[in-house]
Each structure stands twice: as structure tokens, then as C-alpha cells.
1. For segment A:389-438, state which GluC sites (Glu not before Pro) are in a DSSP loop and have at most 12 other beta carbons lying within 10 Å of their beta carbon.
2. In terms of modelled amide H atoms, which long-range or inter-chain residues lie less than 5 Å from the amide H of B:Leu56?
3. What fraction of the DSSP beta bridges in the protein assembly as shown is antiparallel, stated in percent and rounded to the nearest 5?
4. What percentages make up the Cα-Cα pair-distance distribution of the protein assembly as shown when the bins are 10 Å wide from 0?
5. Could you work out the mean count of beta carbons from other protein chains within 10 Å of each residue's beta carbon in B:3-13?
6. Which stretch or stretches of segment A:76-105 have amide N atoms under 12 Å from the point lying 7 Å from A:His42's Cα along the Cα→Cβ direction?
7. Against the longest principal axis of chain B, how steep is helix B:115-127, in degrees 0 to 90 to the nearest 10, with axes from Cα atoms?
8. If the cut-off is 21 Å between C-alpha atoms, which lysines fall inside it for B:Lys182, apart from same-chain ones fewer than 8 positions away?
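Quick note: the coordinates plus some simple rules give every number you see, no bench work behind them. Bear in mind the structure is a predicted one, so any value in this text is a computation, not a measurement. Glycine also receives a Cβ, built like all others from the backbone with ideal geometry; neighbour counts cover every protein chain displayed.
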Amino acid sequence: MSLGLAFRVRIAPEFAAWREEARRLVREGIAPDEIELVDEEHDTALSLGFALSPAPNPARAIAQPAVPRPFLDLAEIVACHSDPGRWQLLYRVLWRLQSDRSLIRHELDDDVARMRRMDAQVRRDLHKMHAFLRFRMVTEHTGAEAGEQSREHYIAWYRPDHRILPLAVPFFAERFAVMRWTILTDHAAASWDPETRRVAWGPGVPRSQAPQEDELESMWRSYYGSIFNPARLNTRAMRSEMPVRYWTNLPELNILPQLLTTAESRVGTMIEQQNSLPTNTYVPETHTLPVLRAALPRCEGCDLYKPATQAVFGAGLAHAPIMLVGEQPGDAEDRAGTPFVGPAGKVLDQIIDELGSNRPAMYVTNAVKHFKFVERGKRRIHESPNLREIAACRPWLLAELDAVQPKVVVCLGASAAKSLLGAKFALMKDRGKVMESPYAQRVIATIHPSAVLRAEGDSKRVLYEFIKQDLALAEQVAIREAS
Amino acid sequence: MQVQQKLEILADAAKYDASCASSGAKRSGNGKGVGHSDGMGICHSYTPDGRCVSLLKILLTNYCTYDCVFCVNRVSSDVKRARFTPQEVADLTINFYKRNYIEGLFLSSGIVQSPDYTMEQLIEVARLLREEHSFGGYIHLKAIPGASEPLIERAGKLADRLSANMELPTQQDLVQLAPDKKVEVIEGTMGQIFERRTEAEEEKKRTRHAPKFAPAGQSTQLVVGATPSTDQQILATASHLYGSYGLRRIYYSGFSPFPSGDARLPLKPAPLVREHRLYQADWLMRYYGFAGHELTTAEKPDLDLTQDPKLTWALAHREFFPVDVNRASREVLLRVPGIGYRNVERILRIRAYHPLSLEDLRKLNVRLKTVSPFVTTTDHLAPAAAMDSDALPSAVVIPAQMQLFAAGVSAGTGQL
């Protein structure tokens, strides 16, 4: 700058162009403070006829400039950066390298730190391009005769922050080697031919020339809208990883407003459906029958308490060797507050009589403590509890088991069996066997006495005998375990 | 049912699995089909919950015979059910992949018929992709606990990653909430994967072309906040799993309310911050040389929600500081609050030719306010009085507002 003139060199936006100029300038001994290397695309000043370079300075000229490999690797990436000052920066570092070969290692040096920062920005941009580029498939017809051949062509338009298309192509060439694809940008375009496995380069094109949609995008949007958890909205984190400038390119992002407006109501529903307190909070910690019986009426662990008259607790011997577990109270039990006093209870009593035992020596209860029904006129029709209700009531059953400590548990019917033996328990296949459950050591499942009432013809007798056999088995097991 | 409807149901059902990583396996393009992995993992999109979308994460079916209370797909739940055919999943994967929406597939499933049958179905999808489509992208398969060994072996040859989810941190939790799951069975499957991986690696030392077995390793997920288990118990389980089965990663998924949730579960999600703290603790165990038991105490079995666990440790071990940035070993530097493992490597490189000052640390984007009480540099000596001061925590703790934001990001990066 000794002449007060701004000497400048215009560099075409390519690394090779800079390398050519830089090599010449070093060989001529021109220091970076004597000249400005400007990006051709950003140089709006007119050249007014004076010399573009200062006179060579042979005293400082270096015939064979040193270009260490680590510098070259970094410079090739930095050259893609959109910062118009990059050519000057690269030249200054190259110049300084001639007297300090290890400069590039000095991460804290301002010039080197800036190069590294630009390198990181370009790499990040490249990574985002690998991530956010979206192909749209078009079907092309080739061959002279109409409709002869059709082929798939995948086309993307993308706007990177830096000039990274040449850096990005190898990734797509490896990943999509067997596909015909084209990537369009403002500056350049690259097309891949899967037959020759070569890239062809072309000029840049505006977004409007790219395909505007792809059939599969609605499928992709469905996926995007379903895979996130509306209870964990965190759009700040979303925006920090995927800044808004990328959104126009992403087909899934145009349903974002809908997703955000419906998220709140989706969470509302989720919470509403879950806002009953866990049954455990109603079950006292002391597991004795009087304490449990006193606490049961307050339970709101599921919604069945609402229409029912009362909760029905178990009845019988406090430490009975046999515990019978039914499904749920029926109409009669709901009014009486005692289990198995209705028609099914009569069947049960008869079987127990025939076996020569007596019910007061057993403990009888239900898997679900409230009556579930639908009203038909004046009648209340029994409805089986679903698995959710069975599971919600299980803590009460487990507390009773803990209080009674029976030698053997008999599940009367599928609901009780599902509660203690798991939801996939198959009653007709596995009834009458002594089984182990996570909750009780010996469990036998059998038919519910009400099935006998409902059955007709021969099967009435068969089911009746099943229950009788299984209860007899329970008696044997209880006696064996007691001795 | 149409594929699009199935996709909605079976993606929705998969959203509780936090894992979506596609990193850890290098696979070159094979020249016959689409797909390769460069080992880094790519997030192709981000959802409004701040999570990365890297893989097509779906269930093959959400029918399930198990009745795990914390899981939305349990048999007793009344969610809508659907089932894909293996062909439908393979086609979706390929078509999404070709448009650059995804890195690959993460396929899980409800347990139908039996663990073996379910595993066979998952394997069939992977086989279609690898053999029929010559697919070279990333495949993560759920290893169904209790599936037979030959099936695990086939799965590992096709997939990049296998994972068997532990879900609940203690045996007691499992008995209570997942009566069909057993710790021994899950760990048995993890053990099989570990053994097969070890064998494959040894084989590779002998012959270069030995077949790979789940090259991206195995992972698992622990649901946090569905039971009263403490962070101490969770970290003990994590240490055990990392130690015994060489897991690549453990995902901690804060329990979240879901439609028709069971009444025995909590009403509110576990705080995101708790999940974040567990990830931080996990990273300290894997990359910073901390042992799991160093991070909590018998008196405080849960991680402090207001500060990161490294800072908690530092404040409880003030005799360890100050640390001389220009002399301390890597192991010691890794324990300084506010200096992440990448910066430790940079400090070690730089100080070989240039002693570091506070200003130099600032250039490395170190938060000086957090770090300065704990370090000595060429121009700075941590004042001894500060180390003894009760005010130290408030001076160095990052405000909660900033942390909440960081929670989403660092779950992915893990930088402390």
C-alpha cells in the first residue's frame, strides 16, 4: 500500500483459481498487506486502468513456496465458504507459513482460528445438505416411440449457505449410485448417470424449475406428524438444530402449524384419560382384613365406583387355606355388599356342599370390587370388566392375598385368571392345573359358576363337573400343603 | 386398512422409544442397491419435541400379548391396532430412503404369538431389505427378549444395531409393572448379543472378511419416572449393563403420559431435566472416567436437578481443585466443570507449544465464570477463599432457563 493505491486481484470462486494467483504472488514476493485478493462475484469496483498488482519484489520472492498438507486440506474447504474475505485470509496464512511452517497447528492464532471456524461452518453446511436435501421422483419417458421406456429420475433443489455442491456430490454418488439423480442449486447442478456412474455438471437454476411435489410426501408427512410426542414440545431445540431457513425445502414442515395447534389438545386428552389416581394410593399399607375393608369404600382407582351402589369386599375365614376369586359383584351382591349371594353363589354353594366342605371355611372375593353394568330399562345387565379395570383393582386383590395367605387360590372365570395369571391366560386350555403366578404360589383356574347358569343342555353338566373337579383338586392341594 | 393409516398408528406407537441414532456403523455403497453409512449418523429432520428423525421408527405391529403397565401397546390398552406385512415395511423404507428422508429403519414390535415368532417377522423385514433390495442403509432391530439364539444370530448378521429394552431399572419395578418381562430373560438376550459380537470381532482379527455382527453394537432403554426408583438405582443398573454386556448406549426416556394410561402410573411426565441429568451422568461414566457410584450418595440418591452432576461432584470434592490447566493429566482435566472432552483434547494439543491463559480458554468457548474458580492458568490462580465459600455454587451454576433449552440439544450430543 506504499503507493496508496488499492492493488487487487480478482479471484474466480474456485480453489484452483486462488491457488494459481497465490502461487504467482508468493513467487513475485508480494506481501499480503500490499495486495487485496477479492472474490470475483463480490467485486463491484471498476478497474480504472492502473496496475492490478504491485511490482514484483525479488528480495522477498520465494521460488518454491511451502504448502504444508494440513494447510492445503483446510484451505480447500475454506475456499467453499461464502465469506468474500476468504481469499485474502488464505493468502495471508500462506504467506506467514513461509516463515513459520508450524503455524497451522496454532489453534489460538487469530488467522488460524478463523480458518478453522470457517472450515467448521462449511462442514456443518455440508452435513446439513446431506441431511435436509429432498429428492422428488419424476417418471421420464425415453426412446423415440411414445410410451416405450419410462425411468425414475430423482431431482432435488437445494440452497446451501456455501458453495459446497462439489463437496456434497461424492456422498450422494456413493449412497444413490444405482439411481438417476440430479441436484440443482443456484450456482451449479450435478447429474448422476447410474449406467456410466459419472457426474455431469451444469449451470445453476432457480427453484421454480425443480419438480414441485412427490406422491410419497403425504406418506412422509403422516409419519412426521405421528412420531413426535406432543407432551414434550420443545420447538427451541428443534429450531436450533434445524434453523428456519431450511424449512422451505422440507416437505414435512408445512404441516408444522397444524401439529403445534393440535399438540395441546392431544396432550389434554392424554392427561384427561389418565387423571384418576392410582389405586395403590387408596390401598392402606397395613394388610389386615378389617383395615382393608374399612378403606375400600373410598377407592376411586377406576371409574366403576361411580354407578355402583357400593364396593364389595371379600368374606370368609381370615386365614383360610383356600381363597376363591370371582370376577366382580353382580346385581344382588351390589345391593347386599357381600360376594356370591346371587344365583351364581347358589351354584357355588351346591358344589361346595357336594364336596363335603363348607364355604365359611374359605375366603371368597372378586377380582374387581365394583359391579359393572349397562342399564336396560329397569334392569342392570352385567358387563365384564376390561383388562384395564381388572389391572386397576389388582392392588386390592393382592392386599387381600397378603392378609389371608391362602395355601391355594382358585380363580373362578377368565377375569380372575387374567388378574393373577396374565392377560393371555387361556381358560379352557389351562383350567384345572396348579400354576404359579407372580402374585401367588399356587393358583388353579376354573369356570365361573355363572357359566353353568348360562349353559344349556349337556354342557351345563359338563361345566358343573369341571368346577367340581377343580375345587376338589384345590382341596387336595390345600391339605397337602398344610401337612 | 391402508398403508398410510397403518403408518400413523404404528409410528405413533413407536414414539415412546427415545433411540433414533444411526451412528456407529460404516457401510460402503455396494453398487447394487441404494444405501451407505459413513458412521457419523445423520438427522434428516427434527420433530416439534426437539428430537432427531434419523430412521423410519415404527412397530411391525402394536398387537401385544404382554401387559406392561407403562407401555401404551399392552394387551389391556384400548389403542387402535394395526399390523404391517414385512413387504410393506421394506417398501416404505426403500421409498423413503431414495428421497433422502431417512438413514434407514428402526423396527420394533409388540409380542405376537411368541418371542421367536415375533423375532422371525422382524428378521424377514431385514432380510427383504438386505437380500432382495441390496439395501446398504442402517438397520436397527429390536432383539426380542427370550428369542432363541439362532434367531439372534441371524438378526445380528443383517442389522447394524440390536437392542433389547430393559425399560424398568429394577427387578421389583418389573414385577410390579411388567409382569411378563423378566430381568434374567432380557439380560440373557443381551448376553447372547454380547457373546456373538465378541466372537465376530475375534474372527475379524483372523480373517478380514469375517461376517460382521451388529457392527453398531447394542443399546437399551430405561423408562424414568414410572416408578419411585432413584437415580442411584438407575445408574447402578446402567453401570452393570455397560460393564456386563458392552452396551454402546443406554437411552433414558422420561415417562410421558399417553392416551388411556393406566391408573397406577404418575400423572405428570418425569421432568425433562431429570432425563437430561441422567444423560449427563451417563456421559460422565462413559467418556469422563467417572464411576456410577461417584455421582450420587446414600443421603442424596437422586441427581441434583439444578446443576449438572459434574459440578455436583466438584462442589463435594473441593480438595481436588484447583487444577493446573497447563500441567494436569487428561484424567484430571476431564473432571473440571465446564471443560468438555473435546476441549480437553484441544488443551492437551495446544499446551505442548503454548501455555494457556484464561483468555485462551475463552477462545476455546469455555464458560469462564464456571471454570475460573476451579483452575490455575498462566495468568490466573483460583482464589483459595472461593473454594471454601458457601457462595461458590451460586457463582458457577448455569441458570435453569438456559439448562432447559440445553436439555433437548445435549440429549443428542452429550457435551458437558
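1. Sites meeting the loop and neighbour criteria: A:Glu436.
2. When sequence neighbours closer than 5 places are left aside, the close amide H contacts are B:Glu103, B:Gly104, B:Leu105, B:Phe106.
3. 45
4. 2, 10, 16, 19, 18, 14, 9, 6, 3, 2, 1, 0, 0
5. Mean partner-chain Cβ count within 10 Å for B:3-13: 4.
6. Only A:79-90 fall inside the zone, counting backbone N under 12 Å.
7. Around 90 degrees separate the two axes.
8. A:Lys418, A:Lys424, B:Lys142
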